[in-house]
Amino acid sequence: MKLNKILAAAKSRNIGSKVALEKAGLQLEGTLRQNRLLQNVYEDVDVKWTITNRV
């Protein structure tokens, strides 16, 4: 399977996950504000991406 773009998401306050995604080469696409409801609290989610097929 040939992938063109890889996306990943992590809660904005989860520093460890964000660092791991950056080390894997993903960069920030944007932040989804109050996107997930966890334990009656809305959480922001950072979306990161990378392009796999560079021309």
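Restricting the search to region 29-45, which residues are closer than 25 Å to K2 by Cα and surrounded by 11 or more Cβ atoms within 10 Å (Cβ to Cβ)?
Listed by number, the list holds a single entry, E29.
Is it fair to say T50 is at pLDDT below 95, hydroxyl-bearing (S, T, Y) and in a strand (DSSP E or B)?
yes
For region 1-47, name all the residues that are among the hydrophobic types (A, V, I, L, M, F, W, C) and assigned to a loop (DSSP other than H, G, I, E, B).
M1, L3, A24, L26
Would you call L26 open to solvent by 60 Å² or more (accessible area, probe 1.4 Å) and without any contact (Cβ under 8 Å) to a residue 40 or more places away in the chain?
Here the answer is no, as L26 does not meet what is asked.
Give me a count of the residues in region 46-55 that are in contact (Cβ under 8 Å) with a residue 24 or more places away in the chain and either within 10 Å of A9 (Cα to Cα) or exposed (fewer than 10 other Cβ atoms within 10 Å of the Cβ) (or both).
Summing the residues that are in contact (Cβ under 8 Å) with a residue 24 or more places away in the chain and either within 10 Å of A9 (Cα to Cα) or exposed (fewer than 10 other Cβ atoms within 10 Å of the Cβ) (or both) in region 46-55 gives 5.
Hey, can you tell me all the residues within region 1-23 that are free of Cβ contacts under 8 Å to residues at least 40 places away in the same chain, basic (K, R) and loosely packed, with under 12 Cβ neighbours inside 10 Å?
Answer for region 1-23, where residues must be free of Cβ contacts under 8 Å to residues at least 40 places away in the same chain, basic (K, R) and loosely packed, with under 12 Cβ neighbours inside 10 Å: R13, K23.
The values are calculated or read from the model by the stated rules, or taken from the named source; none is laboratory data. All figures in this text were calculated on a predicted structure; none of them were measured in a lab. Here Cβ is always computed from backbone atoms with ideal geometry, including for glycine, and neighbour counts include all displayed protein chains. Accessible surface areas use protein heavy atoms only, side chains included; no ligands, DNA or RNA. Shrake-Rupley method; radii C 1.70, N 1.55, O 1.52, S 1.80 Å.
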